[in-house]
Amino acid sequence: MNFRKLIPKPLKLQVQLFRRFFHDLFSGTLFSFAKKSNRHFIFNFTLKYAQIIKKNSGFQAKLHNLKKASKRIENVIIYPNEIFSFWYIVKKPSKKNNYKPGRTIINGVLTTSSGGGLCQLSGLVYRVCLEANLEILERHNHSLDLYEDATRYYPLGSDATVVYGYKDLRFRNNFNFPIHFCFVITKDNISIHLKSTKKITKKEVVFKKDNNSNSKIKINTIVDGNIVATSIYKRNTNSTSKCAK
């Protein structure tokens, strides 16, 4: 018998949150997290990236969650050597924090949970971080590729799934100047704007398939000719592709 399956999910989450907290505390990471800042800088330079927002049954909830989380991120200035943590800034995707239930993917299964759709936001942050060559500390790809090439609206390998307590998106500001995110959200599109006080040279980012099999897809993420990440996905065997994004 697998006794781990008998442990209630809320208890598992609390254990995981404690593990993360103490790891961040003793590693010193906790004191390096970027926080809400009231200071004002003149951000004259911008890197921009945009995606469409897919329409589905949970579209309105997703739009609400994207706007709520993006506002939290916009309140943060990331100073040199500070660490951006998606969940530290966005907070728990709960009703208490004003997030709505939406479509999401858990263990490769399409379901509904509070904060559904936030993976598109974390994926946008990850993509623009690659173009800026920021130091990625933690990023996770989805386990399953739910799209076909004809319906894909973002490059496979550019996603960054986030699961509260378990999977975070983190990067370090390895520049010697502050940076800041802004978002523009419409009913059809979402764009991310990485603002900086000095110019950031945009890097060439390529997502290249490598050694694919009938059951798995391997994607190498290449920035200016160097492999910086490898993502492995299970192939979608369903005839109709669906996704929470």
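The values are calculated or read from the model by the stated rules, or taken from the named source; none is laboratory data. Not measured: the values here are computed from a predicted model. Note: ideal-geometry Cβ built from the backbone for every residue, glycine included; neighbour counts use all protein chains shown.
If you go through region 51-67 one residue at a time, how many are more than 14 Å from the chain's Cα centre (by Cα) and under 16 Å from Gly123 (Cα atoms)?
Within region 51-67, the first condition is being more than 14 Å from the chain's Cα centre (by Cα), and the residues that meet it are 52-64, 67.
Now drop any that are not under 16 Å from Gly123 (Cα atoms), which leaves 52-54, 62-63, 67.
Going through region 51-67 one residue at a time, the tally reaches 6.
Kindly provide the set of residues from region 157-178 that are within 24 Å of Asn65 (Cβ to Cβ) and assigned to a strand (DSSP E or B), ordered by number.
Once the filter is applied, which keeps residues that are within 24 Å of Asn65 (Cβ to Cβ) and assigned to a strand (DSSP E or B), region 157-178 yields Val163, Lys167, Arg170, Phe171.
Would you be able to say whether some residue in region 112-134 is assigned to a helix (DSSP H, G or I), more than 17 Å from Lys91 (Cβ to Cβ), among the small types (Gly, Ala, Ser) and under 13 Å from the mean Cα position of the chain (by Cα)?
We begin by selecting, within region 112-134, every residue assigned to a helix (DSSP H, G or I); these are 118-132.
From what is left, the residues that are more than 17 Å from Lys91 (Cβ to Cβ) are 120, 123-124, 126-132.
If we keep only those that are among the small types (Gly, Ala, Ser) as well, we get 123, 132.
Within this subset, residues satisfying the condition of being under 13 Å from the mean Cα position of the chain (by Cα) are 123.
Checking region 112-134: at least one residue is assigned to a helix (DSSP H, G or I), more than 17 Å from Lys91 (Cβ to Cβ), among the small types (Gly, Ala, Ser) and under 13 Å from the mean Cα position of the chain (by Cα).
Could you tell me which residue of region 145-155 is nearest to the chain's Cα centre (by Cα), considering only residues that are of a type outside the set (Ser, Thr, Tyr) and surrounded by fewer than 18 Cβ atoms within 10 Å (Cβ to Cβ)?
Step one: filter region 145-155 for residues of a type outside the set (Ser, Thr, Tyr), giving 145-146, 148-150, 152, 155.
Adding the requirement that they be surrounded by fewer than 18 Cβ atoms within 10 Å (Cβ to Cβ) leaves 148-150, 152, 155.
Numbers: Glu148: 21, Asp149: 21, Ala150: 23, Arg152: 17, Pro155: 14 Å.
The residue in question is Pro155.
Could you list, in sequence order, the residues of region 34-55 that are in contact with a Gly (Cβ under 9 Å, 6 or more places away or on another chain) and over 20 Å from Ala132 (Cβ atoms)? Reasoning before the result, please.
First, the residues of region 34-55 that are in contact with a Gly (Cβ under 9 Å, 6 or more places away or on another chain): 51, 53.
Within region 34-55, Ile53 is the sole residue that qualifies.
Can you find a residue in region 185-196 that is touching a strand residue (DSSP E or B) at 6+ places or on another chain (Cβ under 8 Å), at pLDDT below 95 and farther than 19 Å from Thr46 by Cβ?
yes
Within region 2-22, is there a residue that is touching a strand residue (DSSP E or B) at 6+ places or on another chain (Cβ under 9 Å), farther than 25 Å from Lys198 by Cα and not in a strand (DSSP E or B)?
Among the residues of region 2-22, not one is touching a strand residue (DSSP E or B) at 6+ places or on another chain (Cβ under 9 Å), farther than 25 Å from Lys198 by Cα and not in a strand (DSSP E or B), which makes the answer no.
Is there a residue being touching a helix residue (DSSP H, G or I) at 6+ places or on another chain (Cβ under 6 Å) and aromatic (Phe, Trp, Tyr) anywhere in region 22-39? Spell out how you get there, then give the answer.
Residues of region 22-39 that are touching a helix residue (DSSP H, G or I) at 6+ places or on another chain (Cβ under 6 Å), as a first pass: 24, 30, 33.
Of the ones still in play, those that are also aromatic (Phe, Trp, Tyr) are 33.
So far as region 22-39 goes, yes, one or more of its residues are touching a helix residue (DSSP H, G or I) at 6+ places or on another chain (Cβ under 6 Å) and aromatic (Phe, Trp, Tyr).
If you take the residues of region 184-228 that are of a type in the set (Ser, Thr, Tyr) and assigned to a strand (DSSP E or B), which of them is surrounded by the most Cβ atoms within 10 Å (Cβ to Cβ)? Full working, then the answer.
Going through region 184-228, the residues of a type in the set (Ser, Thr, Tyr) turn out to be 186, 191, 196-197, 201, 213, 215, 221.
From what is left, the residues that are assigned to a strand (DSSP E or B) are 191, 196, 221.
On the way: Ser191: 15, Ser196: 20, Thr221: 22.
Restricting to residues being of a type in the set (Ser, Thr, Tyr) and assigned to a strand (DSSP E or B), the top hit is Thr221.
Could you list, in sequence order, all residues of region 23-50 that are part of a helix (DSSP H, G or I) and touching a His at 6+ places or on another chain (Cβ under 8 Å)?
Thr29
Going by the structure shown, is Phe177 surrounded by 14 or more Cβ atoms within 10 Å (Cβ to Cβ), out of contact with any His (no Cβ under 9 Å at 6 or more places or on another chain), at pLDDT 95 or above and over 26 Å from Lys92 (Cα atoms)?
Values: surrounded by 14 or more Cβ atoms within 10 Å (Cβ to Cβ): yes; out of contact with any His (no Cβ under 9 Å at 6 or more places or on another chain): yes; at pLDDT 95 or above: yes; over 26 Å from Lys92 (Cα atoms): yes.
Taking the combined requirement at face value, the residue satisfies it.
Regarding region 229-242, can at least one residue be identified that is touching a residue at least 60 places away in the same chain (Cβ under 8 Å), part of a loop (DSSP other than H, G, I, E, B) and touching a strand residue (DSSP E or B) at 6+ places or on another chain (Cβ under 6 Å)?
Yes, region 229-242 has at least one match.
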